[in-house]
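The values are calculated or read from the model by the stated rules, or taken from the named source; none is laboratory data. This one's a predicted model, so the numbers in the text were calculated from it and none came from an experiment. Glycine gets a Cβ as well: all are built from the backbone with ideal geometry, and neighbour counts include every protein chain shown. SASA here: full protein model, heavy atoms, side chains in, ligands and nucleic acids out. Shrake-Rupley method; radii C 1.70, N 1.55, O 1.52, S 1.80 Å.
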Amino acid sequence: MQLSLNWLRSYVDVPESLEELEALLTNVGLEVESIEDRRDSFKNIVVGEVLTCEKHPNADKLSVCTVSNGAEVSTVVCGAPNIAAGQKVIFAQVGAHIAHLGFTIDRRKLRGVESAGMICSSSELGLDEDHSGIAVLSADAKPGTPMAEYLGYDDVILGIGITPNRGDALSHIGTARDIAAATGSPLRMPIVDTADVTDPEPFSIDIRDAVLCPRYSAAIVRNVTVGDSPEWLRKALTAAGVRPINNIVDVTNYVMMEIGQPMHAFDLALLDGAGIVVRTSAPGEKLTTLDDEERSLPDNALLICDTEKAVAVAGVMGGQHSAVSSSTTSILLESAHFHPSSVRRTAKLLQLSTDSSYRFERGSDPNITMWALRRAVQLILETAGGEVRGIYDGYPAPVTPKVVVLRPAFVERILGITIPADEQRRILEALQMDILEATETSFTCRIPTFRSDLEREIDLVEEIARIHGYDNIPVPTRIEMNVGARFDDQAFPAQLRNILLGFGFDEILSSSLVARARAGADGEAGKTVDVLNPVSKERPSLRTSLLPSLLEAVDVNIRNGMRSVRIAEIGHVFAEAGEKQFNERNMIAFAITGNAQGRSWFGPERSADFFDLKGVLQGLLESLYIDNDTIFYYDRTSTLSDHVLTLEVKGRYAGRAVEVSDTILASFDIDQPVYYAELDVEVLHAAIPERQKFVPVAKYPSVTRDLAVIVAKDIQASQISATVLLGKPAFLKSVRVVDVFTHESLGSDHKSVAFTMTFQAEDRTLTDQDINASVEAIVTALRRDLQAELRG
């Protein structure tokens with residue numbers, strides 16, 4: 001949308017600096033897409049008066065003119081056929097730069113006569129495409145007036161990007177309202193003093209679909225004189241990007257650009273009957289619109305009709321037959337509210353987008369139609385004369401303003417800052433919301449009908465945030481969020497299920513009772529608990545692990561042709577803890593077997609392996625925010641498998657991940673590898689921090705350094721990472737082992753471990769000196785604690 005700064009200033013005080021104004025508008029959600037400062041346009045180009053005009057002595061098609069700028073007279077040679085003495089013209093004086101043509105005016109001789117300037121056409125200034133001759137200005141133009149001022153170019157034009165939900169901002173007053181709210185300046189609304197008509201002419205408004213047209217207001221004005229608009233009106237419309245047409249049409253466009261209410265004027269003499277009918281189109285109906293194109297109207301398009309025929313496409317464009325012309329003496333003014341979806345559908349089907357449809361599609365205000373109508377009548381009486389013979393309003397289903405309760409404490413909780421309740425109320429009232437009730441804890445707000453997008457409490461929070469200024473909401477250096485508190489004993493298992501479902505697992509539910517031979521499949525056979533009265537003699541024992549349950553499920557799936565399986569279960573396990581003493585724990589387990597990736601166009605088939613299991617395990621821990629508190633180590637003493645990865649979380653045993661041994665798989669008749677992990681739910685739950693801290697993304701680049709050290713073979717990679725992190729080297733953000741290398745050159749009892757480190761500062765770009773100091777400290781710690789040596 002195009003806004004005139006001069007026009008905007010008539011409603012609200014704005015910052016003098018364009019930079020401040022741009023920042024203000026953008027900060028309240030009205031993005032400034034362009035700024036065109038026209039105040040320096042047409043420098044040294046003024047209104048000139050042609051005093052004399054004579055034929056050039058040496059050229060048949062040239063004229064020698066004397067032109068006054070109000071202070072001095074210059075001789076100018078002109079080749080335009082329509083030049084004549086007494087005209088007011090566009091006079092480019094010596095030194096003027098004609099930007100559209102790309103040259104500067106200087107003194108020069110044309111066929112022996114010195115010319116000190118140029119009389120211009122409107123096309124030469126880039127104002128239009130009229131090349132027929134020079135531009136002849138109105139007779140009341142004052143010689144010497146700068147053309148920028150005369151044309152209304154002593155202005156700044158702002159290009160504003162409006163989001164689809166902000167139809168209320170598609171006007172100068174709508175934008176001024178936001179500025180007033182943000183700055184605390186008063187909003188100056190125009191005074192409308194159009195009086196009611198005591199004895200109006202008979203006129204009816206028949207709305208046949210109150211959903212598509214909730215309101216239709218109209219006025220009859222007779223004895224108008226159609227002609228050119230006054231200079232102030234032409235300048236205002238030109239600045240807003242609207243082409244002046246005549247005083248009647250220009251007033252309707254002016255009101256639309258002022259308050260955002262589209263309007264239309266009909267030549268009343270060309271309407272049949274004394275009334276308007278608002279109805280939908282009949283099949284095959286046609287209408288010639290103002291652009292002189294006959295259009296086949298889509299079915300159910302909303303139309304404005306007289307008693308005999310359609311005269312306009314509602315909210316889109318009027319008809320040619322009833323258009324206002326120079327012979328018009330009586331008009332019918334329309335100010336209506338149409339349903340956005342109806343206008344949008346019709347405009348799209350007709351492939352016809354107008355300033356009117358653009359506004360109706362985004363939602364107009366049903367309760368502003370009468371104000372806009374009276375404002376238009378007032379301006380028409382000023383610019384075209386006439387007398388008001390009737391003002392009419394059809395409003396069969398009045399739109400009731402919504403009521404929303406806002407809690408100041410809720411605003412502070414959402415925004416994370418304190419905005420005093422009095423300031424919140426000021427913002428709401430500045431946005432023209434009525435406070436119906438104010439208590440210590442809440443405001444009951446009546447939402448103006450021009451803000452159809454405000455429906456919930458959170459919408460009002462956003463309004464307060466944008467008017468308070470997003471730039472005034474500090475960027476937090478650290479955010480703390482309650483994490484542990486959201487997992488209670490019932491919700492936490494559900495959270496675990498959702499995480500594993502996200503990793504592609506299917507959940508199974510199985511009995512806690514298993515065959516005695518399988519109860520201790522995890523190597524805990526000595527701790528097996530039998531029930532006194534088993535439901536089935538084949539399953540008398542309580543499982544000590546979820547492993548037998550998952551392997552039974554894997555076996556069933558494989559026997560039914562499903563060889564690629566990812567299953568998980570959350571369930572209880574039991575173990576003997578002494579004479580007549582038993583432990584019961586809630587565990588989560590998952591198993592992977594078969595293909596990790598099937599054959600496809602983007603890659604070959606790949607079988608699952610132990611690292612797929614470990615990846616899921618790490619992903620689960622990351623989702624719970626405890627991956628940094630977990631230590632992995634291989635258990636070389638386990639009888640369950642040759643590959644057992646044990647987990648400790650915050651110093652407590654949490655579970656293990658294994659490649660199930662062939663012996664155990666054979667007991668379940670499984671002939672393919674199975675990878676299995678089992679974790680203690682209570683240990684995971686207890687490890688989750690009550691508050692998780694987040695830091696913003698760093699603004700400055702990170703730097704990586706790689707080191708390779710030679711250590712004893714029994715040193716684990718996790719010990720190296722822990723040693724590096726333990727000393728808290730300056731700027732170190734992360735460390736990751738990337739390679740382990742063994743070779744006879746290192747000796748049979750040593751290995752080389754390579755790791756990469758990431759360094760980053762929050763306030764500056766790091767230098768080599770900064771990083772070298774940290775690396776030296778890390779190397780010193782590795783030598784001291786692990787007897788490591790840098791690998792040359």
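Observations
- Close pairs (7 angstrom Cβ cut-off, 6 or more residues apart or separate chains): free of Cβ contacts under 8 Å to residues at least 40 places away in the same chain in the stretch 320-334, outside any loop (DSSP other than H, G, I, E, B) and open to solvent by less than 20 Å² (accessible area, probe 1.4 Å) anywhere: Q320/T289
- Where D272 falls short, out of the listed (1) touching a Lys or Arg at 6+ places or on another chain (Cβ under 6 Å); (2) open to solvent by 40 Å² or more (accessible area, probe 1.4 Å): (1)
- Restricting the search to strands (runs of 3 or more DSSP E) fully inside the stretch 40-140 and requiring at least 1 residues that are under 29 Å from E231 (Cα atoms) gives 45-55, 63-68, 73-78, 88-92, 118-120.
- Verdict on S718 being surrounded by 14 or more Cβ atoms within 10 Å (Cβ to Cβ), small (G, A, S) and out of contact with any Phe, Trp or Tyr (no Cβ under 6 Å at 6 or more places or on another chain): no
A quick yes/no check of all residues on (1) among the polar types (S, T, N, Q); (2) touching a helix residue (DSSP H, G or I) at 6+ places or on another chain (Cβ under 8 Å); (3) open to solvent by 20 Å² or more (accessible area, probe 1.4 Å):
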| position | (1), (2), (3) |
| --- | --- |
| P340 | no, yes, yes |
| S353 | yes, yes, yes |
| P366 | no, no, no |
| M370 | no, no, yes |
| A376 | no, yes, no |
| A384 | no, yes, no |
| I391 | no, yes, yes |
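- Pairs with Cβ under 6 Å, 6+ apart, first in the stretch 580-598 and on the phi > 0 side of the Ramachandran plot, second surrounded by 12 or more Cβ atoms within 10 Å (Cβ to Cβ): G594/R563; G594/S564; G594/V565
- Filtered by the rule that a residue be in a loop (DSSP other than H, G, I, E, B), in contact (Cβ under 8 Å) with a residue 12 or more places away in the chain and open to solvent by 70 Å² or more (accessible area, probe 1.4 Å), the stretch 433-469 gives T441, E455, R456.
- Residues in the stretch 734-771 that are surrounded by 14 or more Cβ atoms within 10 Å (Cβ to Cβ) and of a type in the set (K, R): K751 only.
- Condition met for E579 (of a type outside the set (S, T, N, Q), within 25 Å of S511 (Cβ to Cβ), open to solvent by 50 Å² or more (accessible area, probe 1.4 Å) and outside any helix (DSSP H, G or I)): no
Matching residues to (1) within 30 Å of T26 (Cβ to Cβ); (2) surrounded by 13 or more Cβ atoms within 10 Å (Cβ to Cβ); (3) more than 41 Å from the chain's Cα centre (by Cα):
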| site | (1), (2), (3) |
| --- | --- |
| V73 | no, yes, yes |
| A92 | no, yes, yes |
| R111 | no, no, yes |
| S132 | no, no, yes |
| L137 | no, yes, yes |
| D140 | no, no, yes |
| Y150 | no, yes, no |
| D154 | yes, yes, no |
| G167 | yes, yes, no |
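- The one condition from (1) assigned to a helix (DSSP H, G or I); (2) without any contact (Cβ under 8 Å) to a residue 24 or more places away in the chain that V740 does not meet is (1).
- If you go through the stretch 405-432 and pick out every residue that is touching a Ser or Thr at 6+ places or on another chain (Cβ under 8 Å) and either outside any helix (DSSP H, G or I) or surrounded by 15 or more Cβ atoms within 10 Å (Cβ to Cβ) (or both), you end up with 5.
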